[in-house]
Amino acid sequence: MLKVSLTGARWIAHNKLIQHVQVTVRHLNVQETAAALRPFYFVVHPDLFGKYPRERSVNEESLKRLHEYITCLQRSGSAHPTVLQFFFRPQQLPTEKPALQSVNISLASRDVRDTVKTVLSSLHLPLDYLSSVPLKASPASGQPDRPIDWHPSYYAATGKQDPRARPSSTIDISLRSWLLKNIEKSHSFLESVQSTKEDIDRICSALQVSIGLSDIRWESVWGFSHFRGCVKSFYRLYTEHPERVGGILKGRSLVFSNSTGVSVHGDIILSSEDVPTYWMTLLMSVRSYEAVLERLPLMEEKLSQLLNNIQIVRRKRKHHLVMAEEYELLLNKLLNSLRRCQDAAKTKLFNNDLSHLQLVVEGESGPLALCPTGQFLVPASIPGSILIDYIAKHKQEADKIIRDMESCLRQEQEVVTFCQAELELSALSKDESVTPQQMVDCCQKLVDEAWLLGVSLKGLCLRVSHFYSVMQDGEICIPWDWKSSSHD
């Protein structure tokens, strides 16, 4: 490793060397990074945690932040140090269903290869593929490219962040001290995307007025610049085919996401990765989805009747859109299974009315679970007899959760509205993994101790989560159980 101490007249010569070395640093490309992280995705992917909604949501958010971190490295060669939390099920334990564990991964390197290695090593995953990706030789020296360990005096002289400095854990950080260190960063990020947001608002308003769209939404992990690119491309598409596009989309919601189709709610979904020509292909076939959308309520009603009038609801989850055709197949599969089990339904559910309970058909496969909001989460592949038995055993528990949740949700809405107005926030939201009671506790504490924070949050976007972070659009994330200031 190369050590450099920068003092006196040697500064200019060393500065030239630094500039040269920085130009020749090689990162993994996008495809290599994705391939190297594949074993990690197989362990922490949110779809593996259907029975654990909170842990699934934490992993979804952490994967998003990991993507942002690596993207920053690949674009600018630097990123703000951060700590990511992931839940996983240990593979080495002998039990059939080992308890979930969590790991905090500290990211501070400015090299993509080192970052990927840190992520894989945190879960003791193989590094074979990463090792097989060759290092490009430096044009000047002919030596392999590798991270350079600069002397601390270099970072002191340049004011740059030392990648070896590990970010401190959120456990011992008070909200006041964290805000004092990061509030300016949030304002800076917010200001940097302000013009982008204004462009988006202007184009979306023009589209809504011209076409009669009821709504335009962004449901992708990518940032505002990608959203602006999508709405600009769509606006050009509309100006080229105003009558056809306008006639199809009038009164509908338009969503830009990572997939293309028509959702179970009738929204038009366009992938941000597709070209406008492909968008037009979908738009021209939208009418054919109307028959599917009309069949869905009838199928849900039949499913409800087979389970003593239980409510069939469709959950709305961030960055998770269910397409109408996919949902029809899921309903049909579950219906066929339950039709063969009506004797079991009469035996175990009797004639008890279950219209006060709720059921969600949640994907093709996964665990059968009762979520924290009292809804039964049911995979379409579950045998009907197992589903009936599960509902019979947990119906009283589900009823109690729903009754408790109703009052808690009302309290949450009131507290959030009051907190947003009191702190003059432009937006106040939460992660799906944060329960209503946790949100209530957090917001009440924010209002009670606002005078102790030492900064003004006026005009900022605040999201209640499980970690501290400043997102690229300036949104501030804080843990719901943030610590009060004791000696800042």
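The values are calculated or read from the model by the stated rules, or taken from the named source; none is laboratory data. The model shown is predicted, which means the values in this text are computed figures rather than measured ones. For neighbour counting, all protein chains shown are included, and Cβ atoms are generated from backbone atoms with ideal geometry for every residue, glycine included. Heavy atoms of the whole protein, side chains included, go into the accessibility calculation; ligands, DNA and RNA do not. Shrake-Rupley method; radii C 1.70, N 1.55, O 1.52, S 1.80 Å.
Is the range 476-485 home to any residue that is in contact with a Gly (Cβ under 9 Å, 6 or more places away or on another chain), within 17 Å of residue 174 (Cβ to Cβ), open to solvent by 40 Å² or more (accessible area, probe 1.4 Å) and touching a residue at least 12 places away in the same chain (Cβ under 8 Å)? Checked against the condition, which is being in contact with a Gly (Cβ under 9 Å, 6 or more places away or on another chain), within 17 Å of residue 174 (Cβ to Cβ), open to solvent by 40 Å² or more (accessible area, probe 1.4 Å) and touching a residue at least 12 places away in the same chain (Cβ under 8 Å), the range 476-485 yields at least one hit. For residue 125, the stated conditions do not hold, so it cannot be described as closer than 26 Å to residue 80 by Cα, touching a residue at least 24 places away in the same chain (Cβ under 8 Å) and in a helix (DSSP H, G or I).
For the range 298-311, a residue qualifies if it is open to solvent by 30 Å² or more (accessible area, probe 1.4 Å) and under 29 Å from the mean Cα position of the chain (by Cα), and exactly one does: 311.
Can you pull out the residues in the range 226-249 that are surrounded by fewer than 18 Cβ atoms within 10 Å (Cβ to Cβ) and out of contact with any helix residue (DSSP H, G or I) (no Cβ under 6 Å at 6 or more places or on another chain)? Across the range 226-249, the qualifying residues are 226, 229, 232, 236, 239, 240, 241, 242, 243, 244, 247. Pairs are defined by a Cβ separation below 8 Å, a sequence spacing of at least 6 or placement on different chains, a first member in the range 290-301 that is on the phi < 0 side of the Ramachandran plot, and a second member that is surrounded by 14 or more Cβ atoms within 10 Å (Cβ to Cβ) and of a type in the set (Gly, Ala, Ser); the pairs so defined are 292/324; 293/266; 293/324; 296/324. Just one residue in the set 270, 282, 298 is modelled with pLDDT of 90 or more and touching a helix residue (DSSP H, G or I) at 6+ places or on another chain (Cβ under 7 Å); that residue is 270. Inspection of the range 112-133 finds a residue satisfying the criterion of being of a type in the set (D, E, K, R), out of contact with any helix residue (DSSP H, G or I) (no Cβ under 9 Å at 6 or more places or on another chain) and modelled with pLDDT of 85 or more.
Conditions (1) out of contact with any Pro (no Cβ under 8 Å at 6 or more places or on another chain); (2) farther than 21 Å from residue 471 by Cα; (3) at pLDDT 75 or above, marked per residue:
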{"site": "16", "(1), (2), (3)": "yes, yes, no"}
{"site": "51", "(1), (2), (3)": "no, yes, yes"}
{"site": "66", "(1), (2), (3)": "yes, no, yes"}
{"site": "83", "(1), (2), (3)": "no, no, yes"}
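Can residue 382 be described as modelled with pLDDT under 95, within 30 Å of residue 343 (Cα to Cα) and surrounded by fewer than 18 Cβ atoms within 10 Å (Cβ to Cβ)? No: the conditions fail for residue 382. Name the residues in the range 452-472 that are open to solvent by 40 Å² or more (accessible area, probe 1.4 Å) and either touching a Phe, Trp or Tyr at 6+ places or on another chain (Cβ under 9 Å) or acidic (Asp, Glu) (or both), would you? Within the range 452-472, just 472 meets the criteria.
This table checks each residue for (1) within 27 Å of residue 264 (Cα to Cα); (2) free of Cβ contacts under 8 Å to residues at least 60 places away in the same chain; (3) not in a strand (DSSP E or B).
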position: 364; (1), (2), (3): yes, yes, yes
position: 377; (1), (2), (3): yes, no, no
position: 380; (1), (2), (3): yes, yes, yes
position: 390; (1), (2), (3): yes, yes, yes
position: 394; (1), (2), (3): no, yes, yes
position: 402; (1), (2), (3): yes, yes, yes
position: 407; (1), (2), (3): no, yes, yes
position: 411; (1), (2), (3): no, yes, yes
position: 421; (1), (2), (3): no, yes, yes
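With the requirement that a residue be open to solvent by 40 Å² or more (accessible area, probe 1.4 Å) and closer than 18 Å to residue 467 by Cβ, what does the range 407-451 give you? Those that are open to solvent by 40 Å² or more (accessible area, probe 1.4 Å) and closer than 18 Å to residue 467 by Cβ: 429, 430, 432, 435, 441, 445. Among residues of the range 30-52 that are in a helix (DSSP H, G or I), those with a beta-carbon under 6 Å from a residue that is acidic (Asp, Glu) at least six positions away or on a different chain give the pairs 46/60; 49/55. For residue 20, the stated conditions do not hold, so it cannot be described as part of a loop (DSSP other than H, G, I, E, B) and either of a type outside the set (Lys, Arg) or modelled with pLDDT of 80 or more (or both). The number of residues in the range 385-406 that are of a type in the set (Gly, Ala, Ser) and open to solvent by 40 Å² or more (accessible area, probe 1.4 Å) comes to 1. Could you check the range 271-301 and list, in sequence order, the residues that are among the charged types (D, E, K, R) and either part of a helix (DSSP H, G or I) or over 20 Å from residue 320 (Cα atoms) (or both)? Within the range 271-301, 287, 290, 294, 295, 300, 301 meet the criteria.
With respect to residue 325, is the statement that it is part of a loop (DSSP other than H, G, I, E, B) and either within 30 Å of residue 212 (Cα to Cα) or open to solvent by less than 50 Å² (accessible area, probe 1.4 Å) (or both) true? Against the criterion (part of a loop (DSSP other than H, G, I, E, B) and either within 30 Å of residue 212 (Cα to Cα) or open to solvent by less than 50 Å² (accessible area, probe 1.4 Å) (or both)), residue 325 does not qualify.
Just give me the residues in the range 187-205 being among the polar types (S, T, N, Q) and more than 21 Å from residue 253 (Cβ to Cβ), in sequence order. Passing the criteria: 188, 192, 194, 195, 196. Yes or no: the range 312-319 includes at least one residue that is outside any loop (DSSP other than H, G, I, E, B), open to solvent by less than 10 Å² (accessible area, probe 1.4 Å) and in contact with a helix residue (DSSP H, G or I) (Cβ under 9 Å, 6 or more places away or on another chain). No, that holds for no residue. For the range 219-234, indicate whether the set of residues that are closer than 22 Å to residue 288 by Cβ and either among the β-branched types (Val, Ile, Thr) or part of a helix (DSSP H, G or I) (or both) is non-empty. So far as the range 219-234 goes, yes, one or more of its residues are closer than 22 Å to residue 288 by Cβ and either among the β-branched types (Val, Ile, Thr) or part of a helix (DSSP H, G or I) (or both). Test residue 26 against the criterion of being at pLDDT 80 or above, open to solvent by 30 Å² or more (accessible area, probe 1.4 Å) and among the charged types (D, E, K, R), and give yes or no. Criteria not met by residue 26.
Residues that are surrounded by 13 or more Cβ atoms within 10 Å (Cβ to Cβ), touching a residue at least 60 places away in the same chain (Cβ under 8 Å) and closer than 18 Å to residue 322 by Cα: does the range 339-360 have at least one? The answer is no, given that none of the residues of the range 339-360 is surrounded by 13 or more Cβ atoms within 10 Å (Cβ to Cβ), touching a residue at least 60 places away in the same chain (Cβ under 8 Å) and closer than 18 Å to residue 322 by Cα.
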